[in-house]
Amino acid sequence: MSGDTTQEITNTPTPADVTMDTIVSLCKRRGFVFPSAEIYGGFGSTYDYGPLGVELLRNVRNLWWKSMVQLRDDVVGLEASILGPEKVYVASGHVANFSDPLVDCKSCKRRWRLDHLEEGHYEAEYGPTKRNPKGEIICPACGGELSEPRKFNLMFKTRVGVTEDSSSVAYLRPETAQGMFINYANVQTSTSRKLPFGIAQIGKSFRNEITPGNFVFRTREFEQMEMEFFVKPGTDDEWHDYWVKERYNWYLNLGITPDRLRLRPHAKDELSFYSKATSDVEYLFPWGWGELEGIANRTNYDLSQHAEHSGKDLSYFDEENKERIVPFVIEPAAGVTRTALTFLIDAYHEEVVNNEKRVVLRFHKDIAPVKIAVLPLSKKEALSSLSKEIARKLRPRWMTMYDETQAIGKRYRRQDEIGTPYCITVDFDSLEDNAVTIRERDSMTQVRVPIDDLVRVMSEKLDG
Ligand SMILES: [Zn+2]
């Protein structure tokens, strides 16, 4: 078999060595992520997902959904609307409280988040936080004096209705969570659920971030995977611990490097206005530790607020103690795009194989956008028609790519670079022995398999 059977692999850097420039450029070159509206010069911090990015996002969503809903008998799904009336967000506290403290530089007019200045978020770009002799923080860019902090609400406000006077204020949701709270009674009644139970949702949310950045890590339009788990008061601490562990393990089980993953409980002064306790799952990104997911104990804050503001009873009758209670809520809140970025960064490896650089995305097989590439050794009709027939057999089960361009070694490298776990090579012997070669991405080892066994063999490799 031609290609890269005899290997000498050296010099594998750790994921820490990858820079964001490398990731961003790979994403664009191979069709994972494009800057949005690029032909018009781009639209700040918005991104479009290309053919491979779409598959990656779908895998992230599906795996989350499978672990949070399909494999459990205590969580159900929901898809709520993105547009919401003002009343919802007055009740939730977002209209009054969902804001960042902003300061402006009086010299260069740059705008900063005060909390980010205090926490040293701009260090990578501007060095440690600078202060004047009075001890006040000054502009990291020019050293100018900063204004008093002002509150800036992060919600996107819009109007719904045809004419100015008949229209009413609406918001794009800043989190999917409120959809679960305002549907709590609908779901509980229609499914006859007993506590504890959860409602899960995946969908877009919007926040007018002052300082988006780090590629798709912080964007104004983003996609969340949130689950609200309703429990009896008094059992909330226990359930909070449970979900923290559960969610931490989800990343580990999908192959995230353990050394680059950690749990960080929030200090009291950084808790959101609705939260009793929050722990973040953090990942060591190229720019430092960053939040991957927050698991919050939201208490009964949201249900109580919506009960009060809507006038509807959102309490639950606890048959055990014969009393009406307002459930507490544990919320694991993750981001689809942020998770996809994490998998990309963590999978990135460079190594030297036979004196040539090989870039390989070592995705977990369930995360990999394409599972199998079918590669005829040459473009000759006999090989390409057999290869296409093989690809047709595999497609109903797995995302399969067919590629007959360029030399086989180049095609292997292309598949390595997008993280395809298996390449199936069809050569001239295949026409005689009805067998093909399966080449594994990480070890580059090859095995010969009869075509008739291919679906079974691939199922053993990919479905386990
Ligand atoms: Zn300045």
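Using the 10 angstrom Cβ neighbour count as an exposure proxy, how do Ser275, Ser385, Ser430 rank, fewest first? Walk me through the numbers on the way to the answer.
Values: Ser275 16, Ser385 12, Ser430 22.
Arranged by neighbour count, lowest to highest, Ser275, Ser385, Ser430 become Ser385, Ser275, Ser430.
Using the reciprocal of the averaged 1/r over all distinct C-alpha pairs, how large is the Kirkwood radius of the chain in Å?
Details: mean 1/r = 0.0399 Å⁻¹.
Across the chain, the inverse of the average 1/r is 25.1 Å.
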Tail fraction, Cα-Cα pairs, the range 99-153, threshold 15 Å, whole percent: 41
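How many Å³ per residue does the convex hull of the Cα positions in the range 40-126 occupy? It would help to have the intermediate numbers written out before the result.
Working: hull volume 22.1 nm³, N = 87.
Residue-normalised Cα hull volume stands at 254 Å³.
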Exposure proxy ranking, count of Cβ atoms within 10 Å, fewest first, for Asp236, Asp403, Asp165: Asp165, Asp403, Asp236
23 Å tail of the calculated P(r), the range 370-462, as % of Cα pairs: 12
Label point distance in nm, Phe34-Asp269, each placed 7 Å from Cα along Cα→Cβ: 4.7
Eligible lysines near Lys380 by straight Cα distance, threshold 21 Å, same-chain separation 8 or greater: Lys388, Lys393, Lys410
Cβ-placed point charges (K, R +1; D, E -1), dipole of the chain about Cα centre in debye, nearest 20: 900
Potential extension, Arg397-Tyr242 segment - 0.36 nm per residue separation minus Cα distance: 52.4 nm
Label-zone membership for the range 233-272, site Leu71, 7 angstrom Cα→C-beta point, backbone N under 18 Å: 242-258
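Using Cβ counts within 10 Å as a stand-in for footprinting exposure, how do Thr176, Thr22, Thr420 rank, fewest first?
On the way: Thr176 24, Thr22 15, Thr420 27.
Result, fewest neighbours first: Thr22, Thr176, Thr420.
Under 8 Å for C-alpha pairs, at least 6 residues apart: give me the relative contact order for the range 370-462, rounded to a whole percent.
29
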Inter-label distance, nm, simple model (7 Å from Cα along the C-beta direction), Asp48/Asn62: 2.4
Length released on extending from Leu431 to Thr235, taking residue separation times 0.36 nm less the Cα-Cα span: 64.1 nm
Estimated dipole of the range 370-462 in Debye, rounded to 20 [Cβ of Lys and Arg +1, of Asp and Glu -1, Cα centre]: 380
The range 152-199 - Debye-derived log10 I(q)/I(0), Cα point model, q = 0.29, 0.30 Å⁻¹: -1.03, -1.07
Highest average packing first - 109-115, 361-367, 326-332, 87-93, Cβ atoms within 10 Å: 326-332, 361-367, 87-93, 109-115
Values of log10 I(q)/I(0), in the order q = 0.12, 0.16, 0.19 Å⁻¹, for the range 173-299 under a Debye, Cα-only, solvent-free model: -0.53, -0.95, -1.30
Cysteines not pairable in the chain (beta carbon separation under 4.7 Å absent): Cys27, Cys423
Relative contact order %, the chain, counting alpha carbon pairs below 8 Å whose residues are six or more apart: 15
Contour excess over end-to-end distance, with Cα ends at Asn354 and Lys410 and 0.36 nm allotted per residue: 18.8 nm
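Can you give the FRET efficiency for Arg131 and Cys108, using 1/(1 + (r/R0)^6), R0 = 22 Å, r = Cβ-Cβ distance, to the nearest 0.05?
Details: r = 17 Å, r/R0 = 0.78.
The value I calculate is 0.80.
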Residues with amide H under 5 Å from that of Val426, placed H, sequence gap 5 or more: Leu375, Leu377
Beta bridges by DSSP in the chain, antiparallel share as percent, to the nearest 5: 85
Listed residue pairs exceeding 23 Å between alpha carbons, taken from Lys109/Lys134; Lys28/Lys379; Lys28/Lys66; Lys204/Lys232; Lys28/Lys357; Lys106/Lys130: Lys28/Lys379; Lys28/Lys66; Lys204/Lys232
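Send over the per residue convex hull volume for the range 318-399, Cα only, as a whole number of Å³.
Working: hull volume 15.4 nm³, N = 82.
It is 188 Å³ per residue.
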Selection from Val359, Thr339, Phe328 lying farthest towards where the dipole of the range 276-419 points positive, charges on Cβ: Val359
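Values quoted throughout were computed directly from the atomic coordinates according to the rules given, and no laboratory measurement underlies them. As the structure is a prediction and not an experimental result, all values here were calculated from the model. Counting neighbours? That spans all protein chains shown, and the Cβs are built from the backbone with ideal geometry, glycine included.
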